[in-house]
Amino acid sequence: MPSFWPWSWDRGRSALAVGRGLARRRLSELAEWSIARWTRLPGIGPARAASLIAAFELGRRAVAHPLAAPVIRGPEDVVAQVRDLARARREHFVVLLLNARHEVQGKETVSIGSLNASIVHPREVFLPAIQNSAASLVLVHNHPSGDPEPSEEDVSITRRLIEVGELVGIAVLDHVIVAARGSVSFRTRRLLGDRPRGGLGGS
């Protein structure tokens, strides 16, 4: 009998035979069964039948109303996606992949470095964006030192990635540094250069 059944079957009942019979039926058919139909099976009483019907109903609702993808409207939304990085002991470079509505379609860790640095190559940043047909992306990395202030190297790498993004048609909307003592948005600090990048708050 499949392991997902949340109960023990009565002794003397052929649970294996019942399970094999159910496995041959379509889920859409089982989802329409009434309590009376379920209770015709060995070992299933009204309470178990009601539990099954409720489980199918929850599944139906989940398909009809899937959870909305998080939307990035500003730096605070970015930080909410990477809270675990603030106190990480090694530097991580993460890319949030966004669609045209700035909904998060994926989160990729493209580099894990040492205590104070991570090496980032444009190919590693943009490959997952291209593979997932992202419209834009947000760069994120942490400072294990606890100080979120960007270094000159952080600014230089960011502007290089912005240039690559323009070449491949994927906009870099922001770069957010997170650390134990707070976070810094390049967009808010106006560190992204002179090129216009619309859509996010804090510009």
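The values are calculated or read from the model by the stated rules, or taken from the named source; none is laboratory data. What you see is a predicted model; the values in this text were computed from it and never measured. Note that we place each Cβ from the backbone using ideal geometry, even for glycine, and neighbour counts take in every protein chain shown.
Mind checking which strands (runs of 3 or more DSSP E) fall wholly inside region 63-162 and carry at least 2 residues that are in contact (Cβ under 8 Å) with a residue 40 or more places away in the chain, assigned by TED's automatic domain parsing to the domain that holds H175 and surrounded by 14 or more Cβ atoms within 10 Å (Cβ to Cβ)?
Working: elements: 92-98, 104-112, 136-142.
Qualifying strands (runs of 3 or more DSSP E): 92-98, 136-142.
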Here the residues within region 35-45 that are without any contact (Cβ under 8 Å) to a residue 24 or more places away in the chain and over 39 Å from the mean Cα position of the chain (by Cα) are A36, R37, T39, R40, L41, G45
Determine, yes or no, whether L41 is at pLDDT below 80 and in a loop (DSSP other than H, G, I, E, B). no
Among the residues listed as W5, W9, W33, the single one being farther than 30 Å from I170 by Cα, at pLDDT 90 or above and not charged (D, E, K, R): W33
Restricting attention to region 121-137, does a residue exist that is in contact with a Lys or Arg (Cβ under 9 Å, 6 or more places away or on another chain) and modelled with pLDDT under 95? yes
